[in-house]
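**Q** This structure is in structure tokens; I'll ask about it shortly.
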Amino acid sequence: MKKDQRKKYLIPAGICILLLIGLCYYYFFTSFTGQSKVNYVYIDNDDNYDSLIHKLEPIASRHSFHAFCILSHHSNLSKHVRTGRYAITPSMGAFTTFRHFKNGLQDPVNVVVPSVRTMQDMAGALSKKLMLDSTTIVNALTDEAECQKYGYDTTTIAAMFIPNTYDFYWDTTVDKLLARMKKENDNFWTDERKHKAANLHLSPVEVSTLASIVDEETANDKEKPMIAGMYYNRLMLRDAKYPQGMPLQADPTIKFAWKNFALKRIYNNLLHIHSPYNTYVNPGLPPGPIRVPSIAGIDAVLNMVHHNYLYMCAKEDFSGTHNFAATYEEHMANARRYAAALNKRGIK
């Protein structure tokens, strides 16, 4: 074939190839959604290929959607859909989107582990961010054998959670969730923190238990070391009247024993409840935390203010802080002022 004849065929062929490359690029590599925002697609255990397609169709451009379907039908994606939370960014085309779903390349989610009062509350908070339902989480946290796998029991498991924000995969299992919490707890309890706890003759769980009471007493982080020091004085007091230590007499433990966290005033009739959490009757710390303690609460115990106060009472100005007293007489004077302020406001 002559040179000019070859050119006659090569030029159109080259144009066709370029057009084909351009068409492929347009279909498979231009923005899947055509939007400037990130879209998230959640695939759970109940989803299949059809439901995945149903979730993608509203956010995909027409050509990208068709390209995704072509790729899916020529792979095993149509037979095996991976669970997870998938981010579709503006720069992702149909091919990249397909690869993410096929290989399970999901995007992690920020999960806030909160300082809450009960494991039911914890399960509810976590289930809002994870594929796990709250019942599955509660069942694990209230199962003795499950808790013992991580070195706790059902009364102390709250001490394993360190409130913070963590990255999780949305479809994480309950076992991986709890194993991660144990790892984060181990990282939190550094040698320095363990040494401070040992100097107080307290274990990490006991520190967390005391911290949970301190957290319930005030939201004022600056005052927490003072309150921790007051309760520690009671815990360590040994004399003729209190040979086992002065009872903590912590009102928050009474609320926990009654499972009534709305109580505004603790009357004498509430103090006779038969419960290991009744610190008016039982000396020492309760069996475990009465809430998931905050980091501020734990560090307040480890860095408590050492003083001679044995009593405290909420201030009558309702500032959320307390009047401290070294003697019972001083304390009763403070208590009368606070009671008068409650009565004046009609708080029962």
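The values are calculated or read from the model by the stated rules, or taken from the named source; none is laboratory data. Computed from a prediction, not measured in an experiment: that's the story for all the values here. Cβ sites come from the backbone with ideal geometry, for glycine too, and all protein chains shown count toward neighbours. Accessible surface is based on the protein model in full, side chains and every heavy atom, while ligands, DNA and RNA are left aside. Shrake-Rupley method; radii C 1.70, N 1.55, O 1.52, S 1.80 Å.
**Q** So is S36 polar (S, T, N, Q), at pLDDT 85 or above and open to solvent by 30 Å² or more (accessible area, probe 1.4 Å) or not?
**A** In short, yes.
**Q** Let me ask something else about it. Please state which one of A198, A211 is at pLDDT 95 or above and in contact with a Pro (Cβ under 7 Å, 6 or more places away or on another chain).
**A** Only one candidate passes the filter, namely A211.
**Q** Only helices (runs of 4 or more DSSP H) wholly contained in the stretch 60-170 count here; list those with 1 or more residues that are within 30 Å of V292 (Cα to Cα). Let's see the steps before the verdict.
**A** Details: elements: 62-73, 94-103, 119-127, 134-141, 144-148.
Once the helices (runs of 4 or more DSSP H) in the stretch 60-170 are filtered for at least 1 residues that are within 30 Å of V292 (Cα to Cα), what remains is 119-127, 134-141, 144-148.
**Q** Now for a different question. Touching a residue at least 12 places away in the same chain (Cβ under 8 Å), open to solvent by 50 Å² or more (accessible area, probe 1.4 Å) and of a type in the set (A, V, I, L, M), is that true of A219? So that I can check it myself, show each step before the final result.
**A** Values: touching a residue at least 12 places away in the same chain (Cβ under 8 Å): yes; open to solvent by 50 Å² or more (accessible area, probe 1.4 Å): yes; of a type in the set (A, V, I, L, M): yes.
Taking the combined requirement at face value, the residue satisfies it.
**Q** Identify the residue in the stretch 224-246 that is open to solvent by 20 Å² or more (accessible area, probe 1.4 Å) and part of a loop (DSSP other than H, G, I, E, B) and, among all such residues, is nearest to T155 (Cα to Cα).
**A** If we take residues in the stretch 224-246 being open to solvent by 20 Å² or more (accessible area, probe 1.4 Å) and part of a loop (DSSP other than H, G, I, E, B), then Q244 is nearest to T155 (Cα to Cα).
**Q** Of the conditions (1) in contact with a Phe, Trp or Tyr (Cβ under 7 Å, 6 or more places away or on another chain); (2) surrounded by fewer than 21 Cβ atoms within 10 Å (Cβ to Cβ); (3) part of a loop (DSSP other than H, G, I, E, B), P286 fails just one. Which one is it?
**A** Here P286 meets the rest and fails (2).
Yes or no, residue by residue, for (1) charged (D, E, K, R); (2) modelled with pLDDT under 95; (3) closer than 18 Å to D215 by Cβ:
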| position | (1), (2), (3) |
| --- | --- |
| K255 | yes, no, yes |
| H272 | no, yes, no |
| P276 | no, no, no |
| P287 | no, no, yes |
| I290 | no, no, yes |
| D299 | yes, no, yes |
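**Q** Looking for whichever is among the small types (G, A, S) and touching a residue at least 60 places away in the same chain (Cβ under 8 Å) here; the options are A140, A145, A158. Which one fits? Working first, answer last.
**A** Values: A140 fails: touching a residue at least 60 places away in the same chain (Cβ under 8 Å); A145 fails: touching a residue at least 60 places away in the same chain (Cβ under 8 Å).
On inspection, the qualifying residue turns out to be A158.
**Q** If the requirement is being part of a helix (DSSP H, G or I), of a type outside the set (F, W, Y), open to solvent by 20 Å² or more (accessible area, probe 1.4 Å) and in contact (Cβ under 8 Å) with a residue 60 or more places away in the chain, which of these qualifies: R180, R193?
**A** Testing whether each residue is part of a helix (DSSP H, G or I), of a type outside the set (F, W, Y), open to solvent by 20 Å² or more (accessible area, probe 1.4 Å) and in contact (Cβ under 8 Å) with a residue 60 or more places away in the chain leaves just R193.
**Q** Quick one: count up the residues across the stretch 127-173 that are over 16 Å from P204 (Cα atoms), under 13 Å from the mean Cα position of the chain (by Cα) and aliphatic (A, V, I, L, M).
**A** 2
**Q** If the Cβ limit is 8 Å and pairs must be 6+ apart or interchain, which residue in the stretch 76-87 that is on the phi < 0 side of the Ramachandran plot pairs with which residue that is surrounded by fewer than 16 Cβ atoms within 10 Å (Cβ to Cβ) and acidic (D, E)?
**A** T83/D44
**Q** So, in the stretch 72-87, exactly how many residues are at pLDDT below 95 and crowded, with 19+ Cβ neighbours inside 10 Å?
**A** 3
**Q** Which pairs turn up if I take residues in the stretch 253-267 that are more than 17 Å from V281 (Cβ to Cβ) and look for partners that are open to solvent by 40 Å² or more (accessible area, probe 1.4 Å) and assigned to a helix (DSSP H, G or I) with beta carbon separation below 6 Å, at least 6 apart in sequence or on another chain?
**A** Between residues of the stretch 253-267 that are more than 17 Å from V281 (Cβ to Cβ) and residues that are open to solvent by 40 Å² or more (accessible area, probe 1.4 Å) and assigned to a helix (DSSP H, G or I), the close pairs are F261/K255; L263/K255.
**Q** Inspect the stretch 293-304 for any residue being surrounded by 19 or more Cβ atoms within 10 Å (Cβ to Cβ), in a loop (DSSP other than H, G, I, E, B), over 28 Å from the mean Cα position of the chain (by Cα) and of a type outside the set (G, A, S) and give the result as yes or no.
**A** Within the stretch 293-304, not a single residue is surrounded by 19 or more Cβ atoms within 10 Å (Cβ to Cβ), in a loop (DSSP other than H, G, I, E, B), over 28 Å from the mean Cα position of the chain (by Cα) and of a type outside the set (G, A, S).
**Q** For Y328, are the conditions met, namely being open to solvent by 20 Å² or more (accessible area, probe 1.4 Å), more than 22 Å from T156 (Cβ to Cβ) and hydroxyl-bearing (S, T, Y)?
**A** Working: open to solvent by 20 Å² or more (accessible area, probe 1.4 Å): yes; more than 22 Å from T156 (Cβ to Cβ): yes; hydroxyl-bearing (S, T, Y): yes.
Here the answer is yes, as Y328 does meet what is asked.
**Q** Restricting attention to the stretch 247-260, which residues are in contact with a Pro (Cβ under 6 Å, 6 or more places away or on another chain) and in a helix (DSSP H, G or I)?
**A** T253
**Q** Another question about this same structure. Going by the conditions given, is A335 modelled with pLDDT under 95 and part of a helix (DSSP H, G or I)?
**A** Working: modelled with pLDDT under 95: yes; part of a helix (DSSP H, G or I): yes.
In short, yes.
**Q** Can you pull out every residue in the stretch 104-137 that is open to solvent by 60 Å² or more (accessible area, probe 1.4 Å) and free of Cβ contacts under 8 Å to residues at least 24 places away in the same chain?
**A** L105, Q120, D121, K128, D133, T135
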